[in-house]
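What follows is one structure encoded as structure tokens, with my remarks underneath.
Please treat every number below as a calculation from the coordinates, not as lab data. Values in this document were obtained by computation on a predicted structure and should not be read as measured data. Neighbour counts run over all protein chains shown; Cβ positions are idealised from the backbone, glycine included.
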Amino acid sequence: MSVQEAIQTLEEERFKFSLHLKKKRLKPRMLAPVIGKSESYVRQLLSGAATGDAAKEHLDKLFKFTDYNGEGWL
């Protein structure tokens, strides 16, 4: 997989989760208490700006909370 293909795949996965959240009518302000972080951090997490092991754990927790079965991007 080329770098460009990898970038596109990551963007697609973020978009799919974004659609999932919209269908469930969940906003960052509603998700922040689930992981014990700020609304701003949730936005960073959803955009891919937050990285590292803690971010991956938080994202996994949001996936479970929202019943999302897609791929992560961290």
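Per residue of the chain, what 222 nm ellipticity follows from adding -39500 (n - 2.57) for every DSSP H run with n ≥ 4, rounded to the nearest 500?
Numbers: 4 runs with 51 residues, N = 74.
Counting only the DSSP helices, I get -21500 deg cm²/dmol.
Note on segment 3-65: along the principal axes its Cα atoms extend 35, 27, 19 Å, ordered by decreasing extent. Compute the label zone of residue 60 within segment 1-45: residues whose backbone N is under 18 Å from the point 7 Å along Cα-to-Cβ. Residues passing the 18 Å test: 34-37, 45.
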